[in-house]
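The values are calculated or read from the model by the stated rules, or taken from the named source; none is laboratory data. Computed from a predicted structure; not experimentally measured. Note: ideal-geometry Cβ built from the backbone for every residue, glycine included; neighbour counts use all protein chains shown. Accessible surface is based on the protein model in full, side chains and every heavy atom, while ligands, DNA and RNA are left aside. Shrake-Rupley method; radii C 1.70, N 1.55, O 1.52, S 1.80 Å.
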Amino acid sequence: MTRRTALTLLPATLARAAVRLPANRNVRWAVGASLWNHYPKVAFTDILDIMRDTGFIGIRLTHFPQILKDYDITQQVMQREVSRRGLRVITISFNAPAHDPERRSQVIGDAKTAMAFLKDFGADRLVVFSPGRSNLSDAAFRTMCECYNQLGEVAGEMGFRAGMHNHMGQMVQTAGEVDRCMAMTDPKLFWFSPDLAHLNLAGVDPPRCIEKHKSRLMLLDYKDSKRSGGKFPENIFDLGDGEVDFPACHRVLKSIGFRGWLCVDLDIARQGPRVSYERCGAYVVDKLEPIYT
């Protein structure tokens with residue numbers, strides 16, 4: 001970098017330094033790698049730089065292990081680049097045909113592979129997405145939950161917690177399906193990793209839902225949505241721009257002394273990823289940290 005370039009960039013650098021970033025104390029803030037799938041491909045280090053600059057110090061990886069090929073990066077290089085910026089890889093979005101008894105061994109094997117990868121980064125959480133809604137029979141749902149108990153047992157043996165992530169278009173979408181999954185899985189083995197935006201889109205009250213299942217909370221997706229906001233992902237918004245009552249959710253976390261990761265897993269960034277995470281960080285600092293940090 002030349003002296004002239006450095007001087008040109010100095011005002012923007014100083015401006016970023018003057019902004020108060022999320023504190024990352026009891027609750028720590030993360031991004032989801034999936035956002036960058038909607039944009040022209042960038043270097044993985046560009047994502048890490050935005051995280052460092054905006055105070056979102058963790059990342060949830062998606063499309064594992066394909067993400068390594070997509071960004072032409074090895075596990076070793078990823079570890080080095082994450083570490084040198086003081087960041088963390090916190091989990092993987094894990095989706096598998098848990099409702100199919102014939103594929104149980106594949107599901108467990110793939111989960112072990114994902115957790116072994118994460119363990120090298122010091123992570124200890126696996127976020128589990130349910131299968132699509134093509135088969136909502138009682139037998140399929142029961143098989144899925146039996147698989148999750150086994151997956152949770154394996155996770156515990158590896159020093160992990162695995163937890164259900166609700167999502168529109170998947171088997172665990174509605175309030176009733178969340179309740180049913182929690183009732184049919186062992187609380188000692190399997191946890192809850194709710195997505196607040198998708199709870200809202202499914203007509204569920206997010207604060208009430210996480211209050212109900214607060215003893216099972218493992219990791220949460222803090223992202224906003226509007227039921228009248230159009231089709232996905234147009235119905236996803238930066239924190240504070242939608243309908244989710246995050247202050248109420250934060251009061252639930254405070255009541256249980258929650259310590260862990262909150263992932264702002266945006267699916268759309270209307271002014272680009274950096275601006276969206278700057279806006280979300282400002283919301284965290286101004287609206288949520290006075291309640292609980």
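State all residues of segment 115-150 that are part of a loop (DSSP other than H, G, I, E, B), among the small types (Gly, Ala, Ser) and closer than 15 Å to Met171 by Cβ; if no residue qualifies, say none. Ser130, Ser134, Ser137, listed by residue number. The residue pairs whose first member lies in segment 125-145 and is within 21 Å of Leu189 (Cβ to Cβ) and of a type in the set (Lys, Arg), whose second member is open to solvent by 10 Å² or more (accessible area, probe 1.4 Å) and modelled with pLDDT of 95 or more, and whose beta carbons are closer than 6 Å, counting only pairs six or more residues apart or on different chains, are Arg125/Arg161. Of the candidates Gly272, Gly242, Gly230, Gly163, the single residue that is at pLDDT 95 or above and on the phi > 0 side of the Ramachandran plot is Gly272. Taking into account only those residues within segment 37-73 that are basic (Lys, Arg) and open to solvent by 50 Å² or more (accessible area, probe 1.4 Å), which is nearest to Ala269 (Cα to Cα)? Per the stated criteria, the residue is Lys41. All told, Leu262 meets the bar of being over 15 Å from Leu35 (Cα atoms) and under 16 Å from the mean Cα position of the chain (by Cα).
Can you say whether Pro22 is more than 18 Å from the chain's Cα centre (by Cα) and part of a loop (DSSP other than H, G, I, E, B), as far as the supplied structure shows? Considered against the rule, which asks whether it is more than 18 Å from the chain's Cα centre (by Cα) and part of a loop (DSSP other than H, G, I, E, B), Pro22 comes out as no.
Scanning segment 273-290 for residues that are charged (D, E, K, R) and either open to solvent by less than 20 Å² (accessible area, probe 1.4 Å) or farther than 23 Å from Phe232 by Cα (or both) yields a count of 3. Checked against the criterion of being of a type in the set (A, V, I, L, M), more than 22 Å from Gln150 (Cα to Cα) and in contact with a Ser or Thr (Cβ under 7 Å, 6 or more places away or on another chain), the candidates Leu201, Leu262 yield just one match: Leu201.
Just to be sure before I move on: is Ser130 more than 22 Å from His167 (Cα to Cα) and out of contact with any helix residue (DSSP H, G or I) (no Cβ under 6 Å at 6 or more places or on another chain) in the structure I sent? Spelling it out, it is not the case that Ser130 is more than 22 Å from His167 (Cα to Cα) and out of contact with any helix residue (DSSP H, G or I) (no Cβ under 6 Å at 6 or more places or on another chain). Of everything in segment 144-180, what is out of contact with any Asp or Glu (no Cβ under 7 Å at 6 or more places or on another chain), closer than 28 Å to Lys119 by Cα, open to solvent by 10 Å² or more (accessible area, probe 1.4 Å) and not charged (D, E, K, R)? Give them in sequence order. Gln150, Val154, Gly156, Met158, Gln170, listed by residue number. The residues of segment 80-114 that are charged (D, E, K, R), open to solvent by 30 Å² or more (accessible area, probe 1.4 Å) and in a helix (DSSP H, G or I), listed by number, are Arg80, Arg84, Glu102, Arg103, Arg104, Asp110, Lys112.
So is Asp221 at pLDDT 95 or above, within 21 Å of Val264 (Cα to Cα) and open to solvent by 50 Å² or more (accessible area, probe 1.4 Å) or not? When the stated conditions are applied, Asp221 does not pass them.
Look at segment 239-253: where a residue is touching a residue at least 40 places away in the same chain (Cβ under 8 Å) and within 10 Å of Glu211 (Cβ to Cβ) and a partner is part of a helix (DSSP H, G or I) and open to solvent by 30 Å² or more (accessible area, probe 1.4 Å), sitting 6+ places away or on another chain with Cβ atoms under 7 Å, you get Val252/Glu211; Val252/Lys214. Screening segment 225-272 for residues that are basic (Lys, Arg) and either in contact with a Gly (Cβ under 9 Å, 6 or more places away or on another chain) or closer than 17 Å to Pro206 by Cα (or both) and picking the one that is surrounded by the most Cβ atoms within 10 Å (Cβ to Cβ) gives Lys226.
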